[in-house]
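The values are calculated or read from the model by the stated rules, or taken from the named source; none is laboratory data. What you see is a predicted model; the values in this text were computed from it and never measured. Just so you know, the surface numbers come from the protein's heavy atoms only, side chains and all, with ligands and any DNA or RNA stripped out. Shrake-Rupley method; radii C 1.70, N 1.55, O 1.52, S 1.80 Å.
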Amino acid sequence: MYPEERPHVPVQRAVEVHQPTPYPPAVPAAAPIVPVQPGTVPAVASIVLPDGRVVTGYAINPAQPEPVAAKPAVSRTAVNVALGGAGFLAVCGGLLLLTSFIAALTAFITQLITLAAVIFGGWIAVQIFSAHGHQGGGTTVNIRKAVFKRNHFRG
């Protein structure tokens, strides 16, 4: 079932070695040198060194960097107006949320008061009708010590 064990011998292959072919270096064409007179004669500067030697030469102006493209400046007024507008909108949004919260709280308190009035009123009605309901079937009204019972006067 299993193959027989045989020693493993690596396979040797022929290898070809390629050597790169160098290209000759490119020689730029020499530009002809044309003597040109400067537009203005530069000033000759002399410097005296601390040991007494004098060095004379042409003054070289430092290289000026190229001017950067000017970006349009944003005025402080525009920034202040934008920030003020954002602040105003934030305050208005906060006030809107506050008024919504107050309206919801008012409606909730109103509902609680109404619920309490209904419960308390029902309790009072039960007290009134249960206390006088067993006295005989009529409605009794006391007016100035006179008792009226179902259209019958008893003085």
Counted residues, region 67-80 - those being at pLDDT 80 or above and either charged (D, E, K, R) or within 27 Å of Val44 (Cα to Cα) (or both): 1
Total residues in region 48-80, condition β-branched (Val, Ile, Thr) and either open to solvent by 100 Å² or more (accessible area, probe 1.4 Å) or on the phi > 0 side of the Ramachandran plot (or both): 4
Hits in region 57-115 (condition: among the polar types (S, T, N, Q) and in a helix (DSSP H, G or I)): Thr77, Asn80, Thr99, Ser100, Thr106, Thr110, Gln111, Thr114
